[in-house]
Amino acid sequence: MPFGKRVGASVAQPATPRAAPQQSASQLASLPGAPQPGQKIFPDQLWEGQTGEILRAIGMKPDDESNLVPTKESTDARVARDKAAHEARWAELNRDVAARTCGGSMRPFFLIPEPCWNGELGDFLIVTLKLSPYQDWNVAFMPADQCTGSMMNLPVHPDSDDPEVVKFAIGFVTAARDHYKACYAEVDRTQEFGRFNDQVEDIADKVRGLAVKILAQYSETWQAPPAPH
């Protein structure tokens with residue numbers, strides 16, 4: 001199941017379990033009046049006077065990447081870096097597990113499910129919040145088979161998402177997107193930009209917290225296979 005699929009796009013099937021995002025950046029949350037990809041989020045005139053002082057005080061600069069609306073190229077490059085780091089961690093883990101279990105292996109289980117990373121919700125997570133499915137907070141490595149699970153006393157990779165968890169995650173991310181849009185509309189109306197960066201980071205933190213909630217929910221039902229005698 002590919003991450004980052006756009007509505008109506010043709011996407012190749014992944015070579016690894018639940019992996020290989022195919023994506024392109026869109027407008028900042030598709031909001032009316034939002035800057036286009038490559039443009040500055042806060043234009044040059046806002047960096048003058050008191051507003052500029054506030055923006056610099058929260059660590060922003062007019063020409064930093066954080067002040068540029070992501071383009072397809074910058075988004076693809078960022079997710080590719082995350083994917084490469086994820087695969088390096090996976091390979092290192094499997095070398096260790098294979099040595100300890102006579103050839104066992106692990107597979108990644110992506111906590112926030114694939115539908116949340118596609119379409120408009122995917123644009124929100126990947127482009128607006130600058131998250132990606134390959135970051136550590138979204139990945140739980142699990143034994144690939146019963147034998148490895150028994151030797152490590154860990155539950156085996158379930159191969160699929162629980163439909164109820166998918167429904168819950170979609171609802172959570174949808175609410176987070178709507179909250180972001182409300183914050184954006186408010187700052188566009190009031191021109192009070194100092195809080196906006198903190199609001200966006202708070203929304204991103206809540207999405208990362210969703211992965212923790214999902215892992216806790218699964219942990220109540222996942223069971224490790226019995227150890228071999």
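Nothing in this text is a laboratory measurement; each read-out follows from the coordinates by a stated rule. Remember, it's a predicted structure, so these values are computed and weren't measured experimentally. So basically every Cβ, Gly included, is an ideal-geometry build from the backbone, and we count neighbours across all protein chains shown.
Past 25 Å, Cα to Cα: identify those pairs from Lys83/Lys181; Lys61/Lys213; Lys130/Lys181; Lys83/Lys206, in the order given. Check vs 25 Å cut-off fails for Lys83/Lys181; Lys61/Lys213. FRET efficiency for the Arg56 to His179 pair, using the beta carbon distance and R₀ = 25 Å, is estimated at 0.45.
Ranked by how many other Cβ atoms sit within 10 Å of their own Cβ, fewest first, the residues Cys183, Cys102 fall in the order Cys102, Cys183.
Partner aspartates and glutamates whose Cα lies under 18 Å from the Cα of Lys72, excluding those fewer than 8 positions away in the same chain, are identified as Asp64, Asp82, Glu120, Asp123.
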